[in-house]
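J.: Dropping a structure here in structure tokens format, bear with me for questions.
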Amino acid sequence: MSSLYLLIGGNQGDRKALLQQATDLIRQRVGSVVGCSQLYETAPWGTFDQKDTQPFLNMALHVETSLSAHDCLLECLAIEKELGRQRKGDALPSDTKRVYSSRPIDIDLILFDEEVISSPDLTIPHPRMHQRRFVLQPLCDIAHDTVHPVLKKTISQLLSICEDNCSCSVYCSAL
């Protein structure tokens, strides 16, 4: 079995219900959910295409899975689509400033065992996780001593040095 950490979130519709539905589908299709963070309400991160974007609800999940990282990605993308996520095109070139959009659900693969994966469709560990408080805070609830396989720091150490000042506050305890 492999250890997978996911961040799930969204800012459209019934945010809490969508996180519950995503968690249930992850249990059915990806693996056993053995850890779940509190729910955090966070301000939108980055540049958004709408001025009145709602806050996100985010949570981290620890999943034990027999699937490969790539198969986990395919299942998570299918779950997003089933729950109403519509992606706008492919990834942008690295020299293009990314513009984010509101979404009912987003499922990001953050860590997969101690693997470092760099392929056209999947990068693990998540390449910007250490720059985002909304990722590190919930992840710290369930994986504070887990070591980032590239940066060689624990999640709690990364959170303590994170320069992201975006609002990230507890919305409620775990689902």
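The values are calculated or read from the model by the stated rules, or taken from the named source; none is laboratory data. As the structure is a prediction and not an experimental result, all values here were calculated from the model. Cβ atoms come from the backbone with ideal geometry, glycine included; neighbour counts cover every protein chain shown. For accessibility, only protein heavy atoms count, side chains too; no ligands or nucleic acids. Shrake-Rupley method; radii C 1.70, N 1.55, O 1.52, S 1.80 Å.
J.: Rounded if a/c is under 1.5, else prolate if a/b beats b/c, else oblate: with a ≥ b ≥ c from the C-alpha gyration tensor eigenvalues square-rooted, which is region 103-170?
T.: Oblate, since a/c reaches 1.5 and b/c is not below a/b.
J.: May I pose another question? Determine the sum of side-chain charges near GLN12: Lys and Arg each +1, Asp and Glu each -1, restricted to other residues whose C-beta is under 11 angstrom from that of GLN12.
T.: +1
J.: Let me ask you something else. Taking a ≥ b ≥ c as the square roots of the Cα gyration tensor eigenvalues, with a/c under 1.5 meaning rounded and otherwise prolate when a/b beats b/c, else oblate, which class fits the chain?
T.: Rounded shape, in that the Cα axes give a/c under 1.5.
J.: So which residue, out of PRO149, PRO120, PRO55, gets the largest mean-square fluctuation from a GNM of the chain using Cα contacts under 10 Å as springs?
T.: Comparing PRO149, PRO120, PRO55 in the GNM, the peak value goes to PRO120.
J.: Here's something else I'd like to know. Restricting to DSSP H runs of at least four residues, report the calculated mean residue ellipticity at 222 nm for the chain, -39500 (n - 2.57) per run over all residues, nearest 500 deg cm²/dmol.
T.: Helix-only estimate at 222 nm: -8500 deg cm²/dmol.
J.: Next up: With springs only between Cα atoms under 10 Å, which of VAL116, VAL33, VAL135 fluctuates most in a Gaussian network model of the chain?
T.: Of the options given, VAL116 has the highest mean-square fluctuation.
J.: Taking amide hydrogens as modeled 1.01 Å from N in the peptide plane, which residues meet the under 5 Å criterion relative to ILE110, leaving out close sequence neighbours?
T.: Correct list: TYR5, LEU6, LEU7.
J.: Follow-up question, since we're still on this one. Give the range of the longest stretch in the chain that excludes all GluC sites (Glu not before Pro) found in loop regions by DSSP and having at most 16 other beta-carbon atoms within 10 Å.
T.: Maximal segment without exposed cleavage sites: 1-113.
J.: Can you tell which of PRO44, ILE124, THR23 lies farthest toward the positive end of the dipole of the chain, using +1 and -1 charges on the Cβ of basic and acidic side chains (Lys, Arg; Asp, Glu)?
T.: PRO44
J.: Shifting gears a bit: How much accessible surface does THR146 have with a 1.4 Å probe, in Å² rounded to 10?
T.: Looks like 40 Å² after rounding.
J.: Measuring from centroid to centroid over Cα atoms, what is the spacing of region 5-32 and region 102-167 in Å?
T.: 17
J.: Also: Can you tell which of CYS36, CYS76, CYS162 shows the greatest fluctuation in a Gaussian network model of the chain with Cα springs below 10 Å?
T.: The residue with the greatest mean-square fluctuation here is CYS162.
J.: Right, another one. At what distance in nm do the modelled label points of ILE161 and VAL147 sit from each other, each positioned 7 Å from its Cα along Cα→Cβ?
T.: Placing both labels 7 Å beyond Cα along the Cβ direction yields 1.4 nm.
J.: For the chain, what is the charge dipole size about the Cα centre, in debye to the nearest 20, if Lys and Arg each add +1 at the Cβ and Asp and Glu each add -1 at the Cβ?
T.: Roughly 420 debye, rounded to the nearest 20.
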